[in-house]
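To start, the structure under review is shown below, and the notes come after it.
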Amino acid sequence: SKPAVISPSILNCDIADLTGELTKIRNADYAHVDIMDNHFVPNLTWGLPVVEAVIAKNILPVDAHLMIADPDRWAPAYAEAGSASVTFHAEAAHAPIRLARELRRLGAKAGLGLKPTTDIHDYVDLLHEFDMILVMTVEPGFGGQAFLESQIAKIRRVREAANTRQIDLAIQVDGGISRATIERAAEAGADVFVAGSAVFRAADAYEEVEVLRSMANG
Ligand code: DX5
Ligand code: ZN
């Protein structure tokens with residue numbers, strides 16, 4: 001399989017020192033930016049201006065994770081701003097195929113997020129419309145939660161569905177990813193790893209990115 005991609009979540013970093021925090025994780029592949037709207041999830045973070053600020057730093061490409069209602073209306077602006085990847089949730093999108101095509105047309109990778117209770121079954125025939133499936137390994141909304149073992153089987157199902165259809169699909173896992181869980185997620189078929197607290201609560205965030213990457217690569 002392909003080399004592991006590491007996308008630290010800046011949700012719980014020191015946002016007042018964005019340059020310093022991004023510099024700590026400069027060895028990562030992306031900066032994962034969590035957009036929450038107090039509606040799709042019971043928490044509020046930030047929106048387009050913070051994504052634009054991260055992009056403007058030119059330290060890491062942005063992996064935008066939109067935990068928002070009506071992404072059909074709001075997601076294209078994140079692609080237009082220059083996010084490398086834009087992930088919206090299956091549970092929130094009105095026209096996911098149309099939106100995925102719009103994001104790709106705007107030059108971003110298109111990602112489809114699935115909450116822990118959302119099955120892949122209804123989406124297997126649209127996998128080719130996406131560059132990435134995000135299997136949430138916690139209930140979206142907050143950092144620092146425990147990895148849901150129940151999602152291992154879903155990661156396997158998504159990987160099998162992509163293999164069967166010969167689709168080159170990235171599988172991202174987000175929530176509770178750490179030294180304790182990353183190998184199991186990788187073994188199940190995930191290849192893009194979001195880690196928030198594991199990286200930003202580590203004594204050395206740069207070193208933690210290296211450790212997680214090498215563990216994921218087996
Ligand atoms: C949660 C967010 C995650 C979060 C992960 O809804 O989507 O990206 O920051 O944080 P950890 O790694 O601490 O579970
Ligand atoms: Zn996220």
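The values are calculated or read from the model by the stated rules, or taken from the named source; none is laboratory data. Since this is a predicted model, take the numbers as computed values, not measurements. Here the Cβ positions follow ideal geometry from the backbone for every residue, glycine too, while neighbour counts run over all protein chains shown.
Observations on the model:
- The residues of region 54-76 that are closer than 19 Å to Glu129 by Cα, part of a helix (DSSP H, G or I) and touching a helix residue (DSSP H, G or I) at 6+ places or on another chain (Cβ under 7 Å), listed by number, are Pro71, Asp72, Ala75, Pro76.
- Selected residue (criterion: farthest from Val33 (Cα to Cα)) from residues of region 66-116 that are among the basic types (Lys, Arg) and more than 16 Å from ligand 1 (Cβ to nearest atom): Arg98
- Among residues of region 70-107, those that are among the small types (Gly, Ala, Ser) and either within 16 Å of ligand 2 (Cβ to nearest atom) or touching a residue at least 40 places away in the same chain (Cβ under 8 Å) (or both), counted: 6
- Of the helices (runs of 4 or more DSSP H) contained entirely in region 155-218, those carrying at least 2 residues that are over 24 Å from His121 (Cα atoms) and of a type in the set (D, E, K, R) fall at 205-216.
- So Ile182, is it under 27 Å from Asn43 (Cβ atoms) and touching a Leu at 6+ places or on another chain (Cβ under 7 Å): yes
- Ile25 being out of contact with any Ser or Thr (no Cβ under 8 Å at 6 or more places or on another chain), hydrophobic (A, V, I, L, M, F, W, C) and more than 30 Å from Thr117 (Cα to Cα): yes
- For region 102-123, the criterion of being closer than 27 Å to Val199 by Cβ and part of a helix (DSSP H, G or I) is satisfied by at least one residue.
- Remark: Val199 matches the filter, which requires a residue to be closer than 22 Å to Leu22 by Cβ, at pLDDT 95 or above and within 16 Å of ligand 2 (Cβ to nearest atom).
- Residues of region 10-28 that turn out to be hydrophobic (A, V, I, L, M, F, W, C), in a helix (DSSP H, G or I) and either in contact with a Lys or Arg (Cβ under 9 Å, 6 or more places away or on another chain) or within 14 Å of ligand 2 (Cβ to nearest atom) (or both), as a count: 2
- Boolean, Val86 is within 23 Å of Ser7 (Cα to Cα) and modelled with pLDDT of 95 or more: yes
- So Thr137, is it under 20 Å from Asp63 (Cα atoms), among the hydroxyl-bearing types (Ser, Thr, Tyr), crowded, with 16+ Cβ neighbours inside 10 Å and touching a strand residue (DSSP E or B) at 6+ places or on another chain (Cβ under 9 Å): yes
- Residue ID - nearest to Asn12 (Cα to Cα), chosen from residues in region 119-165 that are more than 15 Å from ligand 2 (Cβ to nearest atom) and among the hydroxyl-bearing types (Ser, Thr, Tyr): Ser150
- Residue match in region 29-47 (condition: at pLDDT 95 or above, more than 16 Å from ligand 2 (Cβ to nearest atom) and either of a type in the set (Phe, Trp, Tyr) or touching a helix residue (DSSP H, G or I) at 6+ places or on another chain (Cβ under 8 Å) (or both)): no
- One residue alone among Asp17, Asp119 is within 15 Å of Val173 (Cα to Cα) and away from ligand 1 (no atom under 16 Å from the Cβ), and that residue is Asp119.
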